[in-house]
1. Per residue of A:170-177, what is the mean number of Cβ atoms on other protein chains within 10 angstrom of that residue's Cβ?
2. Where the eigenvalues come from the Cα gyration tensor of the range A:74-187, what are the semi-axes √(5λ) of the equivalent ellipsoid, largest first, in whole Å?
3. Kindly give Rg over Rh for chain A, based on alpha-carbon atoms, with the Kirkwood expression for the hydrodynamic radius.
4. On alpha carbon coordinates alone, what is the Rg over Rh value for the protein assembly as shown, Rh being the Kirkwood radius?
5. Measuring nothing but label to label, 7 Å from Cα along Cα→Cβ, what are B:Lys26's distances to the other copies in nm, shortest first?
6. At a 10 angstrom cut-off on C-beta neighbours, averaged per residue, how do the peptides B:144-156, B:115-127 rank from highest to lowest?
7. Which of B:Ala15, B:Ala211, B:Ala55 ends up with the largest GNM mean-square fluctuation for chain B, with Cα atoms connected below 10 Å?
8. Please tell me the relative contact order of the range B:77-182 in percent, rounded to the nearest whole number, where contacts are Cα pairs under 8 Å and at least six residues apart.
There are 2 protein chains.
Amino acid sequence: MEIKIIKNILAANEAIANENRLELQKRKILALNLMSSPGSGKTSLLDKTLELLPAAGLKSAVIEGDIRTTLDAERLARHGAPIIQINTDTIGGECHLEASMVRAAISKLDLDGVDILFIENVGNLVCPAEFDLGEDRKIALLSATEGEDKPLKYPLMFSVCGDVVITKIDIESILDFSSENAINNIRQVNPRAGIIRVSAKTGEGMGDWIALLQKWSCEKKADAGLEIL
Amino acid sequence: MEIKIIKNILAANEAIANENRLELQKRKILALNLMSSPGSGKTSLLDKTLELLPAAGLKSAVIEGDIRTTLDAERLARHGAPIIQINTDTIGGECHLEASMVRAAISKLDLDGVDILFIENVGNLVCPAEFDLGEDRKIALLSATEGEDKPLKYPLMFSVCGDVVITKIDIESILDFSSENAINNIRQVNPRAGIIRVSAKTGEGMGDWIALLQKWSCEKKADAGLEIL
């Protein structure tokens, strides 16, 4: 009984996710679903990204997911990008975002001219992996502070995500964290994952990250154009 | 429908949790449920704790909860304490421990002479908060690397836990993490929380932590004695 209902929930979610995907496709907006443990640096990465993107000629919008508080949206507001905060606490305290929440957020955001929509999921390395939001890419963050073993211990997240951003690499050496070991562990659960290493604090790796966003956005626009033909 | 079934799951869990509680009560074993984000240092805290406890005259056992891998149990095995690994991946990939899993683990562990049973939950700052395991105390870990705002963003976890251990305090200054701000945030959601600061790496605060465990174990034995009278 429980399993059947969970399947129904996921099927209903999938249908709405596909609507979101079509809507974003029409607008040629690249949608990225950022997922990680609490405190892995999703908001710090976004903060630095929003600072650098305008110079790369890209306009962004943000959906911030949290159980409670608008701290993250407030922190990012200074960049002037359209931003909306979802608080799952007002819905049922969900530990993840669902497609219906993203649909409601999309309808409220001013997406005119936006190239990239960042969706920052609730901090949770487990449940968000199961919910399609209609994004183009699922991206997992793994901070150097969390330890090299996390991909092996949370394999679903690291296998559903096409790309992994290793964050906080500026303090790797202090933490005895080896990116090489972490990358080997990511490859064990997801041999084809794209992997990038960044420090939002020092800026190391941020150039590569921005270049990747440019490439994805460009591909998205080319794909969207093809489908309209 | 969904809500009703979730309520039934929680009620069934509660019944088994109470059985666990009675069983542990009979044996005068203090049971602690350690919860936090992935990578907050639950296993590191346990590693150091198991090293220090024998000198404090206390014998411990450990239930390790992970979605997959036996890495944590292997890491702690050198201390010689009875230890059992629960992998939720073999059950349904649950993002939290449930009372039934703990019951099965208790039945397999050699608890003779054990004073403290540590239950290391799955790394997740959301869902484990909802499941009573039959423990005496729920303890949340908050690592300096996660940021001061987490108690506000994950209020359920920090309000159900009677005590909070702030970990990795040796790198606080590198991270611009203020324990004072973190403590204020914990107090906002849980004014009566016990709060302790430790570094499993340098040992700072570990003496206080061990003293606290001694106090709780002592109280548990006194309480258990009273109920038998």
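1. Other-chain Cβ atoms within 10 Å of each residue's Cβ, averaged: 2.
2. Working: eigenvalues 163, 58, 36 Å².
The three semi-axes for the range A:74-187 are 29, 17, 13 Å.
3. Rg/Rh: 0.95.
4. 0.98
5. Here the equivalent label points are 6.5 nm apart from this one.
6. Result, highest mean Cβ count within 10 Å first: B:115-127, B:144-156.
7. B:Ala55
8. About 23 percent, as a whole number.
No lab work stands behind these numbers, since they all come straight from the coordinates. Quick caveat: nothing in here was measured; it's all calculated off a predicted structure. So basically every Cβ, Gly included, is an ideal-geometry build from the backbone, and we count neighbours across all protein chains shown.
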